[in-house]
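K.L.:
Take this structure first; my questions come after.
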Amino acid sequence: MIPEIRTDRLLLRRLRPADAPALAEGIAEYAIVKWLTRVPWPYTLKDAEQFVDMVIAEDKAHYAVTENGRVLGVVSTADELGYWLRTDAQGRGIMSEAAAAATDAHFEAGADVLVSGHHPDNARSRAILTKLGFTDTHTETKQSLALGTVNIQRMKLTADRWQRLRRAAD
């Protein structure tokens, strides 16, 4: 895992124990949790502390998304591209920027593919994934800690496609 990634506006960095209160505050809205499968509802400080402890122990690509020192959310390419952003930071392209930076780091580390998924009704998440170049693969049923059984649209992005899209954008 790259310890930190800088973009024009953001710093993506390893999560720290001191981040738990900001994570608990930022994600403790049903409007965010309803789109995530691995997050319980309600989400508590203890949940955030356990998450940070797990991420530190795993030492995989989980990043705090920060702007001017403020934790706005999390982006990860540990098992798949996953992310969330606090509601007062949405609508400014922050997660598109963070997800692109994390995806770049994932492929620079030598990976061949990156998978992700979204709830079929989550148009914002789908927009981020399609902007990055992800394509649909299949729909699957998963267990959500907050909602029970949900359908997820699965997507993937190959390193070759990512590189082609990056070259075309330059």
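Quick note: the coordinates plus some simple rules give every number you see, no bench work behind them. Computed from a predicted structure; not experimentally measured. Here the Cβ positions follow ideal geometry from the backbone for every residue, glycine too, while neighbour counts run over all protein chains shown.
K.L.:
Once you put a point 7 Å from the Cα of LYS34 and another 7 Å from the Cα of LYS60, both along the Cβ direction, what distance in nm separates them?
P.N.:
Between LYS34 and LYS60, the simple spin-label model gives 2.8 nm.
K.L.:
Oh, and also: Note down the nm distance, to one decimal, between modelled labels 7 Å out along Cα→Cβ at GLU108 and at ARG166.
P.N.:
Label-label distance for GLU108 and ARG166, simple model: 0.8 nm.
K.L.:
Once you keep just the Cα pairs under 8 angstrom separated by 6 or more residues, what percentage relative contact order results for the chain? Intermediate values should be presented prior to the final figure.
P.N.:
On the way: 275 pairs, mean separation 37.0, N = 170.
With pairs under 8 Å counted, the relative contact order is 22 percent.
K.L.:
Indicate the gyration tensor shape class of the chain (rounded, prolate or oblate), computed on the Cα atoms with a ≥ b ≥ c the square roots of the eigenvalues: a/c under 1.5 is rounded; otherwise a/b larger than b/c is prolate and the rest oblate.
P.N.:
oblate
K.L.:
Which of the residue pairs LYS46/LYS156; LYS131/LYS156; LYS46/LYS131 have a Cα-Cα distance greater than 23 Å in the structure shown?
P.N.:
Violating the 23 Å Cα-Cα cut-off are LYS46/LYS156; LYS46/LYS131.
K.L.:
About the Cα centre, and with charges only on the beta carbon of Lys, Arg (+1) and Asp, Glu (-1), how big is the dipole of the range 1-159? Nearest 20 debye, please.
P.N.:
Numbers: 18 positive and 21 negative charges, 61 e Å.
Computed charge dipole of the range 1-159: roughly 300 debye.
K.L.:
Starting from the Cα of LYS34, draw a straight line to each of the lysines and keep only those under 18 Å, dropping any in the same chain fewer than 8 residues away.
P.N.:
LYS34 reaches LYS142.
K.L.:
While we're here: When the chain is treated as a GNM, springs tying every alpha-carbon pair under 10 Å, which of HIS118, HIS106, HIS138 comes out with the largest mean-square fluctuation?
P.N.:
In this elastic network of the chain, the residue with the biggest mean-square fluctuation among HIS118, HIS106, HIS138 is HIS138.
K.L.:
Here is a further query. For every other residue with a beta carbon closer than 11 angstrom to the beta carbon of GLY26, add +1 if it is Lys or Arg and -1 if Asp or Glu, then tell me the sum.
P.N.:
After counting each charged neighbour, the total is -2.
K.L.:
Let's test the formula: R0 of 25 Å, r as the Cβ-Cβ distance of THR149 and ASP88. What FRET efficiency results, to the nearest 0.05?
P.N.:
With R0 = 25 Å, the Cβ-Cβ based efficiency is 0.25.
K.L.:
Starting from 0.36 nm per residue, how many nanometres of slack lie between THR139 and VAL115 once their C-alpha separation is accounted for? Each step should come with its number before you reach the end.
P.N.:
On the way: separation 24, 0.36 × 24 = 8.64 nm, distance 1.28 nm.
Residue separation times 0.36 nm, minus the Cα-Cα distance, leaves 7.4 nm.
K.L.:
Check each of the trypsin sites (Lys or Arg not before Pro) in the range 1-66 and keep only those in coil by DSSP with at most 14 other C-beta atoms within 10 angstrom; list them in order.
P.N.:
ARG9, ARG38, LYS60
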